[in-house]
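Here's the structure we're looking at; comments come further down.
The values are calculated or read from the model by the stated rules, or taken from the named source; none is laboratory data. It should be emphasised that the depicted structure is a prediction, and the values quoted were computed from it without experimental measurement. Ideal geometry is used to build each Cβ from the backbone, glycine not excepted, and the neighbour counts take in all protein chains shown. Accessible surface areas use protein heavy atoms only, side chains included; no ligands, DNA or RNA. Shrake-Rupley method; radii C 1.70, N 1.55, O 1.52, S 1.80 Å.
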Amino acid sequence: MSSYLPGQRPPKRSIPAFLILTVAGLLSAVGLICTAALTRAAPDMKFGVITVTTLADQFGTATGDCSLREAIEAGNSNADFGGCAGPGGNRNIELGAGIHVLTRVGGADDTNTLGDLDVTASLTITGLGPGSTSIEAGATMTDRFMDIRPGATVVISGVRLAGANLLGGGAGAAINVFGRLTLANCIIEDNQASSVGGGIHVGTGGHLTLQNCLIRNNHSMSYGGGIFASGSLTISDSTISGNDADSFGGGLSVSNNGKLTLIRTTISENQAPFSGGGIYVDIPNEATIVDSTIRGNSAPDSGGIALVRGSLLMVNSALISNTATSAAGMRVTNTLATLVNSTVSGNVAQAGAGGIAINTTSGRLYLYNTTIANNTTNAGASGGNGGGLNIQSGSVVSMTNSVLANNIDLGASGDSSDCFGTIHLVAYNHVESTANCAIAGPAT
């Protein structure tokens, strides 16, 4: 994405070395983590295979058929169970085409007997693809689909999980993660939870890696319509779309001691009634977004991203066409956001900041080779300020080789189209309108 207007001088200053090293190290580390997760969990395909032969949800029946629940039990115990031959080594469960409907209704337990599928050992579950292999809930099922217990390292691929109704309490309608889980080539859709994590919950100490997955149309009656994580969350080449929450983080919410890394991922068309329509971040760590797009999300406040605690590094990414009453693109509260080679455009606020709002005296926004353009404030009411940026007194905004232009203030006075507050220019920037903008630093 180009961040320079026609005729603008080429940059004379490079992106700081620490940012280049940080991003390069991050991408390398993520690759190693994903590879390591798959290597740890992947079995020797020559033995240790458990083949599921029935779609029925049975447990310990002597019919000669092997169900998904029985296969997990055989994997957990490393022994024959029901109609499943014990793996005798590494554990790999193979699913054919069809819909595995969970029907064994029961109370909350971790024995795998009733309700959700409890995974206590390290194993893999492989389907034929989310268009062919599904796990769904029976009409009377009010539990989640799967519980990955502490100590388990699990890889699930080629599976669709849809229609769980976890309305009696508990987190993560499709999957609850307290161990280590890699989900690849998957669809998690149309699930709902009365607690956090309409689709997936990653508990404290849990680790979830998503690769090439679609998380859509899930609902949480609390935080995190698609995903809620207080553990480690790494998402690559995936889409989180059309999810909603009844409080914060329509697409995903990362809180407590959670960690977040997004790579080549789209967060789109998610909703929340308070803040963080796309993403809600409230962690003591740095969240990282690389080569990703946050688009078309909505909330009364911070339609795209709500950065409440921790910090954010966004590289080669776009924050576009999000809507809110205020801070349509992003709100940075009492923390630091660093945008590198990124674009903030087309975000629309009814009142308040159209692009980014920077709040409190500890709020900081650093822009490198970044464009903030074509954002709108006061689309439905007057009184807001800052079509591009709204900077609270005492907050710090720094621009290097960046563009702030063509933003719109539809208020009666139209007096703060590009920014409201003070900007420190470092070198070679373009600021179109300085109405209500105090400019500090070099005028180059």
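Observations on the structure shown:
- Some residue of segment 85-108 being in a loop (DSSP other than H, G, I, E, B), modelled with pLDDT of 90 or more and more than 24 Å from Ala164 (Cβ to Cβ): no
- For segment 142-160, the set of residues classified as open to solvent by less than 10 Å² (accessible area, probe 1.4 Å) and not β-branched (Val, Ile, Thr) consists of Phe145, Met146, Asp147, Ala152, Gly158, listed by residue number.
- Close contacts from segment 232-255, counting a first residue that is farther than 18 Å from Arg216 by Cβ and a second that is open to solvent by 10 Å² or more (accessible area, probe 1.4 Å) and in a strand (DSSP E or B), with Cβ to Cβ under 7 Å and a gap of 6+ residues or different chains, come to Ser232/His207; Ser232/Lys259; Thr234/Thr209; Thr234/Thr261; Phe248/Ser275; Phe248/Tyr280; Ser255/Asp282.
- Residue match in segment 48-59 (condition: part of a loop (DSSP other than H, G, I, E, B), farther than 22 Å from Arg160 by Cβ, out of contact with any helix residue (DSSP H, G or I) (no Cβ under 8 Å at 6 or more places or on another chain) and open to solvent by less than 20 Å² (accessible area, probe 1.4 Å)): yes
- Output for segment 245-260, where each listed residue is surrounded by fewer than 23 Cβ atoms within 10 Å (Cβ to Cβ) and not in a loop (DSSP other than H, G, I, E, B): Lys259
- Residue, modelled with the highest pLDDT, within segment 110-168, restricted to residues that are of a type in the set (Lys, Arg) and either farther than 15 Å from Leu68 by Cβ or not in a strand (DSSP E or B) (or both): Arg149
- Restricting attention to segment 340-398 and to residues that are part of a loop (DSSP other than H, G, I, E, B), hydroxyl-bearing (Ser, Thr, Tyr) and open to solvent by 20 Å² or more (accessible area, probe 1.4 Å), the residue that is modelled with the lowest pLDDT turns out to be Ser382.
- The residue of segment 411-427 that is surrounded by the most Cβ atoms within 10 Å (Cβ to Cβ), among those that are of a type outside the set (Gly, Ala, Ser) and at pLDDT 90 or above, is Cys419.
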